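Structure first, then comments.
Every read-out reported here was derived from the displayed coordinates using simple, explicitly stated rules and does not represent laboratory data. Since the structure is predicted, the reported quantities are computational estimates derived from the model, not experimental observations. In this analysis, Cβ positions are derived from the backbone assuming ideal geometry, glycine residues included, and neighbour counts consider all displayed protein chains.
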Amino acid sequence: MTVHTLTGSCFVITDNYSAYRVLLVLNWGSFIPQVRRLRRKRDSSGVSLTYVLFNLINATEQFAFATFLTVNDLGGLLIGDPHSRGDQINLVQFAGVLFLWLLIFVSSVRFPSNDNLRGLKLAICPTIYVLYLLFAIVPLFVQRAVPSPSGPGDAPYEGWIVSWAVIIHQSYLFPLTSVLCLASLIPQMHLIHSRRRRGSLSFKGLGIQGTIFVIEAVGWAKRLAFPWDDFKGQPRLNVLILWYQRVGWIPFNYLFLALVQKALFWMLIMHRLHGSGRSQARERRPLLGW
């Protein structure tokens with residue numbers, strides 16, 4: 001399989017740059033409540049480090065792969081051919097989201113927390129992220145760092161490395177990020193139920209992101225067009241898998257993130273209501289069991 005087959009110029013990115021900028025501002029702005037709450041309280045209790053790690057890996061994958069396509073001048077997938085202003089805005093958006101999740105991750109590691117298994121998570125989560133960078137991200141750019149044995153400009157050598165990098169990410173790492181986006185719900189949900197208070201988890205941030213990420217998912221699905229007519233008569237499942245591997249993983253992941261944030265948002269509401277009910281019941285209970 002050649003790189004051209006994997007990244008052939010069959011995807012069209014629309015030129016509505018104003019909408020791009022609006023979505024970019026809304027996307028970045030949705031992180032502000034969580035970042036501010038962590039920085040203001042200087043405590044990360046209530047924010048699951050595993051939940052943040054899973055979302056950080058997804059953000060890193062989006063930025064790294066888009067950068068990989070840009071650096072290697074591979075147009076037609078997430079990057080247009082030729083590159084457009086919209087591609088630049090997309091890359092800036094990916095970079096900003098990565099920075100914000102990284103900021104939340106570093107803050108969660110740096111600030112103290114009274115959550116259970118805190119020490120174990122501090123040892124495991126940063127290690128997992130470093131290993132992910134070494135085995136998934138660094139190989140994307142290895143052909144730039146390691147010269148060909150035949151000298152610079154060895155197209156077969158460079159094409160072979162690029163092809164394998166694309167195949168590994170499309171076939172394995174993209175599905176992994178989608179699973180992690182959904183799985184991030186579990187550790188944060190468990191942490192919410194194990195605490196009486198939400199701690200440093202931003203209630204407002206979850207609500208805003210649950211809405212903004214849905215808009216992002218729809219926006220990405222619309223601005224990355226796919227030539228469905230070229231695959232008429234082929235099994236629908238195969239076509240959907242091909243769409244997902246080439247462009248669909250990004251809107252899918254934003255949709256999964258939106259579902260997770262909304263689920264956590266409503267979970268906090270129910271937790272607060274039931275928690276208040278339990279507290280009032282304890283206050284009304286007669287002293288000494290009367």
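Figures for the structure shown
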| item | result |
| --- | --- |
| At R0 = 25 Å, FRET efficiency that the Cβ-Cβ distance of His274 and Asp43 yields, to 0.05 | 0.55 |
| Per DSSP, loop trypsin sites (Lys or Arg not before Pro) in segment 183-264 with at most 14 further Cβ within 10 Å | Arg196, Arg197, Lys232 |
| Residue-span extension gain [Trp266 to Phe99] - 0.36 nm each, minus C-alpha spacing | 57.4 nm |
| Net length gained if the chain between Ile186 and Lys204 were fully extended (0.36 nm per residue, minus Cα distance) | 4.5 nm |
| Gained length - Val109 relative to Asp230, 0.36 nm times residue gap less alpha-carbon distance | 38.7 nm |
| Cα-centred dipole magnitude for segment 19-125, charges only on beta-carbon of K, R (+1) and D, E (-1), debye, nearest 20 | 780 debye |
| Packing-based ranking, highest mean first, of 172-178, 44-50 given that Cβ atoms within 10 Å are counted | 44-50, 172-178 |
| Candidate lysines - alpha carbon under 29 Å from Lys222, same-chain residues fewer than 8 apart omitted | Lys204, Lys232, Lys262 |
| For segment 159-265: rounded, prolate or oblate by the Cα gyration tensor [a/c cutoff 1.5] | prolate |
| Ordering of 124-130, 65-71 by packing [mean C-beta count within 10 Å, highest first] | 65-71, 124-130 |
